[in-house]
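The values are calculated or read from the model by the stated rules, or taken from the named source; none is laboratory data. If you're wondering where the values come from, they're calculated on a predicted model, not measured in any experiment. In this analysis, Cβ positions are derived from the backbone assuming ideal geometry, glycine residues included, and neighbour counts consider all displayed protein chains. What goes into the accessible areas is simple: the full protein's heavy atoms, side chains included, and nothing from ligands, DNA or RNA. Shrake-Rupley method; radii C 1.70, N 1.55, O 1.52, S 1.80 Å.
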Number of protein chains: 4
Amino acid sequence: MNESGRVEAFSDGVFAIAITLLVLDIKVPEAGEHGGLWHALGAQWPSYTAYAVSFLVIGIMWVNHHQIFSHVAQVDRTLMFLNLLLLMVVAAVPWPTAMLAEYLREDTASHAAAAVYSLVMVAMALAFQALWWHLTRTGHLFDARVDVPAARATRIRFALGSLGYPLAVGLAFVSAPLTLAAHGLLALYYGFNQVPVPTRQNPAMS
Amino acid sequence: MNESGRVEAFSDGVFAIAITLLVLDIKVPEAGEHGGLWHALGAQWPSYTAYAVSFLVIGIMWVNHHQIFSHVAQVDRTLMFLNLLLLMVVAAVPWPTAMLAEYLREDTASHAAAAVYSLVMVAMALAFQALWWHLTRTGHLFDARVDVPAARATRIRFALGSLGYPLAVGLAFVSAPLTLAAHGLLALYYGFNQVPVPTRQNPAMS
Amino acid sequence: MNESGRVEAFSDGVFAIAITLLVLDIKVPEAGEHGGLWHALGAQWPSYTAYAVSFLVIGIMWVNHHQIFSHVAQVDRTLMFLNLLLLMVVAAVPWPTAMLAEYLREDTASHAAAAVYSLVMVAMALAFQALWWHLTRTGHLFDARVDVPAARATRIRFALGSLGYPLAVGLAFVSAPLTLAAHGLLALYYGFNQVPVPTRQNPAMS
Amino acid sequence: MNESGRVEAFSDGVFAIAITLLVLDIKVPEAGEHGGLWHALGAQWPSYTAYAVSFLVIGIMWVNHHQIFSHVAQVDRTLMFLNLLLLMVVAAVPWPTAMLAEYLREDTASHAAAAVYSLVMVAMALAFQALWWHLTRTGHLFDARVDVPAARATRIRFALGSLGYPLAVGLAFVSAPLTLAAHGLLALYYGFNQVPVPTRQNPAMS
């Protein structure tokens, strides 16, 4: 419990910093000759949209991470390592965000940028899945409230729920703005439709 | 209670990082040919002023955020989402701050920059209002000390108190430096004149 | 106590971020034509020295901040405000650090850069003094262990101990590298010779 | 215990920020004329590799730091100072990481960059060793569970285990990419083969 609390505090720090670093990718626009600052501000809409979507993505991932870790009592070395892997992807999000914002309105490059953005999301989903599989497979890391067999049974639903991300990789080659919108919708969906951690009615010890 | 503590810790992280990232917008001046470094340092006063005002704004918002969350015992999904929305605006503050500092002494662009700065403050006030309305409307998220009907009654006063921000948007088209000063005064005002969370004399359970 | 813990956690965040942002001021050197990367790395010694000194300065200030707040049981609005003022200076330290590193070996500009660096330290010392005077003047914010009259008696010694910073402003006009060295020594001195918070032998309640 | 918890929280902050700042070194590539964005993305592999290796290095160092501090009950001034020294190196890691990524494919400069990267790791290992020697030498800073004589006996094994870092300095002059790979393997090795803190079977007080 104490052990798990420490991993959670460190993870919270990384989530909070990654989400706040996103703002560094919104540049101060140059007030050009024609149209002035208002025009330049308007032209930057890809930056604002990418900021909002990635903020939601990291924020919702934090909510889910917390939801799961609040049911974890012990941390083994593999969990520590899988968690580091997840954080490595989360902390990287500002980079594809900046890239997608920069190339969103270009012809060819926008597809590559949107595909990389989506691939980073696939990596994040995979790391999260791996963490959940390890927790449900071992079982003894959960606290006593958790119904381990029921938790195991959620794995397929959990994995199917992540299919949106590989689909977004495909969508990237159709339209980059549409891909960004899809990621916003996916984040909202996971924000309001999480797979809950099943708990027992009468825990042996609580 | 525990649940609320975790949301608070994450929010504190975002507040602390956003407030500290403000310094990245103060550039090292170039020691030009005439007047040297002292002259260049003096010419950067918009950066120092914008830094100080935005630091106060975020700092006071943190105080108010904390004041309210110290009376919250439970967190539902809507509160989580409204809080993420508030943090999305708070974390964005370094961007309008850098922009206002850069254009503060220009003719046309200063008005646009000051208006955007004020609009971000309007967004922050709206997100904070939404959070307060949700808390007072549901009521059951507060801890037992809070006098919910009295808390509901503060909503109008709370909303009126935020009228300074839309007024600052108008002021932006008169004078950008005046707008920045107004935001400093508004922050100080909210720092010393908060709407308190009303508590009951004899809480049923404490 | 709880109230003070929250202010401390937020302050810790700002200290930790400011101290870590210092690294952004050490640039990747350009491997020039003559001498290569090793030569370019050697030429950057002002950056490494400034990094080390400012790291020590913020680190030791954090130790002192914590030492004092570990004896604070309650936080009033003035203390909150004075603490925000102190954090505003602490969070700004990466800026004069980058400036001093950039101009350390120039003739005229180095003096201005070193003077500004020292002035920021004066501001930090003043904010810290103000915080300590407020705590000892009011007295009731301390926890029960603190011997308030004895704490008041430390104020002169505390203030005299800060005289090194204004002296460093003068030294800046003699030599910038010497000024940087002086700040390193001052930080070490305060690290090992703090004014302790006096506690009572038999606290009324502990 | 409380004292140690505060030092740990501050250290955690620095670790979490340093690890997350690594992403700032991955630049948005320029979609050049021939090959487009995909080509430019591929050419950036040194950045991704350096990011992953340094993320692992800081992450594993955090695990080890935490493992040791979870057995520390009291903090003296020397421990505080040695810990600051360790954090000074940890917080600096984004700088050699960016440098190694930039020069990894160049002829001469890559060796210098890899040597500096390895030297920073040597400094980190030395600071960590110093911290462990101070803890085992004094003994009374540990909590009651720790078997102090057995902890002292680990010092040689601990020191030998760090020999990989000076060897990596030598390897830097052979091949920079190989050096980076070696650091990744060293991090993994320390992640899975830590020297444990020996605890007593029957602690006098627990």
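Kindly indicate whether B:VAL93 is buried (at least 19 other Cβ atoms within 10 Å of the Cβ), of a type in the set (Val, Ile, Thr), within 19 Å of the chain's Cα centre (by Cα) and within 14 Å of chain A (Cβ to nearest Cβ).
When the stated conditions are applied, B:VAL93 passes them.
Check A:PRO46 against each of (1) closer than 27 Å to D:GLY5 by Cβ; (2) touching a Lys or Arg at 6+ places or on another chain (Cβ under 9 Å) and name the one condition it does not meet.
So the condition that A:PRO46 fails would be (1).
Given the conditions (1) modelled with pLDDT under 90; (2) open to solvent by 40 Å² or more (accessible area, probe 1.4 Å); (3) at the interface with chain D (Cβ under 9 Å from one of its Cβ atoms), which single one is not true for A:MET1?
Failing condition for A:MET1: (3).
Checking B:ASP107 against (1) away from chain A (no Cβ under 13 Å); (2) under 29 Å from A:LEU24 (Cβ atoms); (3) at pLDDT below 95: exactly one of these is not met. Which one?
For B:ASP107, the exception is condition (1).
Keeping to the range C:47-73, report how many residues are within 19 Å of C:ALA150 (Cα to Cα) and of a type in the set (S, T, N, Q).
Summing the residues that are within 19 Å of C:ALA150 (Cα to Cα) and of a type in the set (S, T, N, Q) in the range C:47-73 gives 3.
Output the residues belonging to the range C:34-48 that are away from every other protein chain (no Cβ under 11 Å) and buried (at least 18 other Cβ atoms within 10 Å of the Cβ).
Here is the first cut: in the range C:34-48, the residues away from every other protein chain (no Cβ under 11 Å) are C:34, C:43, C:45-46.
Selection gives C:PRO46 alone.
Here is a check on your reading of the model: is A:ILE60 buried (at least 20 other Cβ atoms within 10 Å of the Cβ), within 14 Å of chain D (Cβ to nearest Cβ) and modelled with pLDDT of 90 or more?
Criteria not met by A:ILE60.
So, restricting to helices (runs of 4 or more DSSP H) that lie completely within the range A:33-127, which ones have at least 3 residues that are in contact (Cβ under 8 Å) with a residue 60 or more places away in the chain?
The helices (runs of 4 or more DSSP H) meeting that bar are A:45-69, A:77-92, A:94-103.
Return only the number of the condition from (1) at pLDDT below 90; (2) out of contact with any helix residue (DSSP H, G or I) (no Cβ under 6 Å at 6 or more places or on another chain) that D:GLU8 does not satisfy.
(2)
Could you please find all residues in the range B:159-177 being in a helix (DSSP H, G or I), open to solvent by 30 Å² or more (accessible area, probe 1.4 Å) and modelled with pLDDT under 90?
Scanning the range B:159-177 gives B:ALA159, B:LEU160.
Please enumerate the residues belonging to the range A:178-193 that are at pLDDT below 95, among the hydrophobic types (A, V, I, L, M, F, W, C) and buried (at least 20 other Cβ atoms within 10 Å of the Cβ).
Residues satisfying the conditions are A:LEU186, A:ALA187.
Looking at D:VAL53, is it open to solvent by 20 Å² or more (accessible area, probe 1.4 Å) and over 16 Å from D:ALA127 (Cα atoms)?
Judged against the criteria, D:VAL53 is not a match.
Would you be able to tell me the number of residues in the range C:63-82 that are more than 30 Å from B:ALA40 (Cα to Cα) and more than 9 Å from every other protein chain (Cβ to nearest Cβ)?
Our first condition is that a residue be more than 30 Å from B:ALA40 (Cα to Cα); within the range C:63-82, this holds for C:63-81.
Within this subset, residues satisfying the condition of being more than 9 Å from every other protein chain (Cβ to nearest Cβ) are C:64-65, C:67-69, C:71-76, C:78-79.
Summing the residues that are more than 30 Å from B:ALA40 (Cα to Cα) and more than 9 Å from every other protein chain (Cβ to nearest Cβ) in the range C:63-82 gives 13.
Looking at C:ALA52, C:ALA98, C:ALA112, C:ALA127, which one is over 26 Å from B:GLY36 (Cα atoms) and within 8 Å of another protein chain (Cβ to nearest Cβ)?
Only one candidate passes the filter, namely C:ALA52.
Here are some residues: C:THR78, C:THR138. Which one is open to solvent by 10 Å² or more (accessible area, probe 1.4 Å) and either among the aliphatic types (A, V, I, L, M) or within 21 Å of the chain's Cα centre (by Cα) (or both)?
The unique qualifying residue is C:THR78.
Among (1) within 25 Å of C:TYR51 (Cβ to Cβ); (2) open to solvent by 30 Å² or more (accessible area, probe 1.4 Å); (3) over 20 Å from the mean Cα position of the chain (by Cα), which single condition is C:SER110 missing?
(2)
Can you go through C:ALA31, C:ALA18 and tell me which one is at pLDDT below 90, surrounded by 20 or more Cβ atoms within 10 Å (Cβ to Cβ) and within 11 Å of chain D (Cβ to nearest Cβ)? Give the steps one after another, and end with the answer.
On the way: C:ALA18 fails: at pLDDT below 90.
Going through C:ALA31, C:ALA18 in turn, the sole match is C:ALA31.
Looking only at the range A:141-158, which residues are assigned to a helix (DSSP H, G or I) and open to solvent by 20 Å² or more (accessible area, probe 1.4 Å)?
A:VAL148, A:PRO149, A:ALA150, A:ARG152, A:ALA153, A:ARG155, A:ILE156, A:ARG157, A:PHE158, listed by residue number.
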